[in-house]
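Working notes for the structure below.
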Amino acid sequence: MNILEVRGLHVKYGRFEAVKGVSFAIPVGSILSIVGESGSGKSTIAKALIGLESPSQGEIRGDRASMQMIFQDAVGSLNPRMTVRDTLAEVLKVKKIKNKTPNELVELVGLSPAVLDQYPREMSGGQCQRVSIARALASSPKLLIADEPVSALDVSVQARILNLLRDLRKRLNLSILLIAHDLAVVKNVSDYVCVMEKGKFVDAGKSEDVFSKPESDYTKKLLSVVPTIGFTEKENDNE
């Protein structure tokens, strides 16, 4: 069973076609990653899924109400004038969610309740990204769309955030669409991988197949420069 199905998706900006007929499906409880260099069209797909861009052609089958998005710039996505407590309380109030508290949400993403009274400028980039994830989880989404969630972080913090997403997938039975610009980011967390170049998928399939038997020269080039990102089983908020 799939949480999301996309068929023949095209997205244009005027005469420029950013996405050229891509198709994919995300099975329930899985992580599918779309990888490509800047300008390949991967973030445009994410925006089309949540309604920030209008497809010129194609079909999207999925409940937008059950999707939440995490943005690349975690610090910029948070209101600098609001504490973490106020940020999370506002979401709970607007969405009329009564069975969760800001305290529970920060603990869910591995943060200490001490951050609740802090402002974004007082936290690290990794902590801000965890708050952004907590905010996205407030409404109990079934599909989490993470648009380059670790690209602005250093390598050690990247691993912690990726571990967190992997752990949340298991604990909450989440499905995740992870967007990244290099294969190292997605190697240890993805069930499926789609490699994107100039608006099209040039490789797509199970993660192990894409990494072990890439079909395109572009994917082979990306694989040739894949560094190592470490993974651990435990999370902490010391970022």
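The values are calculated or read from the model by the stated rules, or taken from the named source; none is laboratory data. Being a predicted model, the structure only gives us computed values, none of them experimental. Note that each Cβ is placed from the backbone with ideal geometry, even for glycine, and that neighbours are counted across all protein chains shown. Remember, those area values only see protein heavy atoms, side chains included, never the ligands or the DNA or RNA. Shrake-Rupley method; radii C 1.70, N 1.55, O 1.52, S 1.80 Å.
Just the number, please: carbon plus sulfur as a percent of the accessible area of the chain, 1.4 Å probe, no ligands or DNA/RNA counted. Don't skip to the answer; put the middle values down first.
Values: 5400 of 11540 Å².
Solvent-exposed carbon and sulfur of the chain make up 47 percent of the total.
Excluding Val91 itself, what net charge comes from residues whose Cβ is under 12 Å from its Cβ, given Lys and Arg +1 and Asp and Glu -1? If you can, show how the numbers build up before the last one.
Numbers: positive: Arg85, Lys93, Lys95, Lys96, Lys100, Arg135; negative: Asp86, Glu90.
Combined, the nearby Lys, Arg, Asp and Glu give +4.
In a Gaussian network model over the chain where Cα atoms closer than 10 Å are linked, find which of Val189, Val225, Val91 has the largest mean-square fluctuation.
It is Val225.
For a quick check, take a GNM of the chain with Cα springs below 10 Å and name the residue from Val94, Val186, Val150 with the largest mean-square fluctuation.
Of Val94, Val186, Val150, the most mobile in the Gaussian network model is Val94.
What does the accessible area per residue of segment 49-130 come to in Å², with a 1.4 Å probe and no ligands, DNA or RNA counted?
Details: 4650 Å² over 82 residues.
I get 57 Å² per residue for this part.
Among Gln68, Gly110, Ser212, which residue has its Cα positioned farthest towards the positive end of the charge dipole of the chain, with +1 placed on the Cβ of Lys and Arg, -1 on the Cβ of Asp and Glu, and the dipole taken about the Cα centre?
Positive-most Cα among the choices belongs to Gln68.
Using a 7 Å offset from Cα along Cα-Cβ at Glu59, what residues in segment 171-197 end up with backbone N under 15 Å from the label point?
Flagged as within label range: none.
When all C-alpha to C-alpha distances in segment 123-172 are sorted into bins of 5 Å, what percent of pairs does each bin hold, rounded to whole numbers?
4, 20, 34, 26, 12, 4
By DSSP, what percent of the beta bridges with both residues in the chain are antiparallel, rounded to the nearest 5?
On the way: 19 of 37 bridges.
Rounded to the nearest five, the antiparallel share is 50 percent.
Tell me, what are the semi-axes, in whole angstrom and largest first, of the equivalent ellipsoid of the chain as set by the roots of 5 times the Cα gyration tensor eigenvalues?
On the way: eigenvalues 173, 85, 51 Å².
Sorted largest first and rounded, they come to 29, 21, 16 Å.
Based on the Cβ-Cβ distance of Lys221 and Arg15, what FRET efficiency does E = 1/(1 + (r/R0)^6) give at R0 = 41 Å, to the nearest 0.05? Walk me through the numbers before you get to the answer.
Working: r = 28 Å, r/R0 = 0.69.
The computed FRET efficiency comes out at 0.90.
Under unit Cβ charges (Lys, Arg +1; Asp, Glu -1), what dipole magnitude, rounded to 20 debye, does segment 57-173 have relative to its Cα centre?
Working: 18 positive and 13 negative charges, 103 e Å.
Using Cβ point charges on Lys, Arg, Asp and Glu, segment 57-173 gives about 500 debye.
Taking a cut-off of 18 Å between Cα atoms, list the lysines near Lys20, but don't count ones fewer than 8 places away on the same chain.
By straight Cα distance, Lys20 reaches Lys12, Lys42, Lys47, Lys198, Lys200.
Report the residue, chosen from Leu222, Leu143, Leu88, that carries the largest GNM mean-square fluctuation when the chain is represented by alpha-carbon nodes joined by springs under 10 Å.
Ranking Leu222, Leu143, Leu88 by mean-square fluctuation puts Leu222 first.
May I ask you to derive the FRET efficiency for Glu107 and Glu37 from their Cβ-Cβ distance with R0 = 41 Å, giving the value to the nearest 0.05? Intermediate results must be reported in sequence, preceding the final value.
On the way: r = 37 Å, r/R0 = 0.90.
Once the sixth-power term is evaluated, E becomes 0.65.
Over the residues of segment 1-119, compute the C-alpha Rg and express it relative to 2.2 N^0.38 Å. Show your work: numbers first, answer last.
Numbers: Rg = 17.6 Å, N = 119, 2.2 N^0.38 = 13.5 Å.
In units of the 2.2 N^0.38 Å rule of thumb, it is 1.30.
Could you work out the relative contact order of segment 100-239, using alpha carbon pairs under 8 angstrom and six or more residues apart, expressed as a whole percent? Kindly include the intermediate steps, with their values, before the conclusion.
Details: 160 pairs, mean separation 34.6, N = 140.
The value is 25 percent.
Below 17 Å, Cα to Cα, which aspartates and glutamates can Lys95 reach? Residues fewer than 8 away in the same chain don't count.
Result set, ordered by chain and number: Asp63, Asp86, Glu104.
In Å, the Kirkwood hydrodynamic radius of segment 71-190 over pairs of distinct alpha carbons? Walk me through the numbers before you get to the answer.
Working: mean 1/r = 0.0691 Å⁻¹.
So the Kirkwood estimate lands at 14.5 Å.
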